[in-house]
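The next block holds one structure in the form of C-alpha coordinates; read it before the comments.
The values are calculated or read from the model by the stated rules, or taken from the named source; none is laboratory data. These numbers were taken from a predicted model, which means no experiment stands behind them. Backbone-built Cβ (ideal geometry, glycine too); neighbour counts: all protein chains shown.
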Amino acid sequence: IGLNTWAGVGAPPAPPGSAGLRDYEIRLPTGDALEAVARRLEGAGIAFERSVGGLAVSDPASNRIVLVVA
(Lines give C-alpha, C1' and ligand atoms only; values in the text may rest on other atoms or scores of the structure.)
Protein backbone atom coordinates (compact mmCIF):
# COMPACT_ATOMS: atom_id res chain seq x y z
CA ILE A 1 0.00 0.00 0.00
CA GLY A 2 1.43 3.36 -0.99
CA LEU A 3 0.76 6.67 0.62
CA ASN A 4 0.10 9.92 -1.16
CA THR A 5 2.08 12.18 1.14
CA TRP A 6 2.41 15.05 -1.31
CA ALA A 7 -1.30 15.77 -1.89
CA GLY A 8 -3.14 13.87 0.82
CA VAL A 9 -4.02 16.54 3.37
CA GLY A 10 -7.42 17.96 2.51
CA ALA A 11 -7.70 15.92 -0.70
CA PRO A 12 -11.31 14.99 -1.50
CA PRO A 13 -12.37 11.34 -1.50
CA ALA A 14 -12.32 9.54 -4.84
CA PRO A 15 -15.63 9.75 -6.70
CA PRO A 16 -17.97 6.73 -6.47
CA GLY A 17 -17.19 4.08 -9.07
CA SER A 18 -13.58 5.14 -9.55
CA ALA A 19 -10.65 2.76 -9.18
CA GLY A 20 -9.12 2.63 -5.75
CA LEU A 21 -8.92 0.93 -2.39
CA ARG A 22 -12.38 -0.05 -1.12
CA ASP A 23 -11.23 -0.83 2.43
CA TYR A 24 -8.50 -2.54 4.37
CA GLU A 25 -8.66 -5.02 7.20
CA ILE A 26 -6.86 -5.04 10.52
CA ARG A 27 -6.95 -8.33 12.41
CA LEU A 28 -6.98 -8.12 16.18
CA PRO A 29 -5.96 -11.05 18.38
CA THR A 30 -9.03 -11.21 20.66
CA GLY A 31 -12.58 -10.01 21.14
CA ASP A 32 -11.33 -8.03 24.13
CA ALA A 33 -8.93 -6.14 21.86
CA LEU A 34 -11.79 -5.36 19.47
CA GLU A 35 -13.95 -4.10 22.33
CA ALA A 36 -11.08 -1.92 23.56
CA VAL A 37 -10.92 -0.29 20.12
CA ALA A 38 -14.71 0.19 20.13
CA ARG A 39 -14.54 1.89 23.55
CA ARG A 40 -11.77 4.21 22.35
CA LEU A 41 -13.74 5.14 19.24
CA GLU A 42 -16.86 5.80 21.31
CA GLY A 43 -14.86 7.86 23.80
CA ALA A 44 -13.48 9.97 20.97
CA GLY A 45 -16.94 10.45 19.46
CA ILE A 46 -16.01 8.62 16.24
CA ALA A 47 -18.87 6.87 14.45
CA PHE A 48 -18.41 3.22 13.49
CA GLU A 49 -20.53 0.27 12.38
CA ARG A 50 -20.59 -3.07 14.13
CA SER A 51 -20.83 -6.30 12.20
CA VAL A 52 -20.63 -9.96 13.14
CA GLY A 53 -17.10 -10.39 14.51
CA GLY A 54 -15.89 -6.90 13.80
CA LEU A 55 -16.46 -3.23 13.17
CA ALA A 56 -15.85 -0.69 10.43
CA VAL A 57 -14.78 2.93 10.68
CA SER A 58 -13.63 5.58 8.21
CA ASP A 59 -10.46 7.58 8.63
CA PRO A 60 -10.32 11.36 8.01
CA ALA A 61 -9.63 10.75 4.30
CA SER A 62 -12.77 8.54 4.04
CA ASN A 63 -10.77 5.31 3.78
CA ARG A 64 -12.81 2.46 5.27
CA ILE A 65 -11.02 0.40 7.91
CA VAL A 66 -12.46 -2.98 8.90
CA LEU A 67 -11.35 -4.42 12.24
CA VAL A 68 -11.96 -8.13 12.87
CA VAL A 69 -10.94 -10.77 15.37
CA ALA A 70 -8.34 -13.10 13.83
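Output the residue which, of all residues in region 1-24 that are closer than 20 Å to V66 by Cβ and aliphatic (A, V, I, L, M), is modelled with the lowest pLDDT.
For region 1-24, the residue satisfying everything is I1.
Please enumerate the residues belonging to region 51-70 that are at pLDDT 95 or above and β-branched (V, I, T).
Within region 51-70, V57, I65, V66, V68, V69 meet the criteria.
Yes/no per residue for (1) among the hydroxyl-bearing types (S, T, Y); (2) in contact with a Leu (Cβ under 7 Å, 6 or more places away or on another chain); (3) free of Cβ contacts under 8 Å to residues at least 12 places away in the same chain; (4) at positive phi:
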site	(1), (2), (3), (4)
G20	no, no, yes, yes
R27	no, no, no, no
D32	no, no, yes, no
E42	no, no, yes, no
G53	no, no, no, yes
A56	no, no, no, no
A61	no, no, no, no
I65	no, no, no, no
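Restricting attention to strands (runs of 3 or more DSSP E) lying wholly within region 23-70, give those where 2 or more residues are of a type in the set (D, E, K, R) and either farther than 26 Å from P13 by Cα or within 13 Å of the chain's Cα centre (by Cα) (or both).
Hits in region 23-70: 23-28, 49-51.
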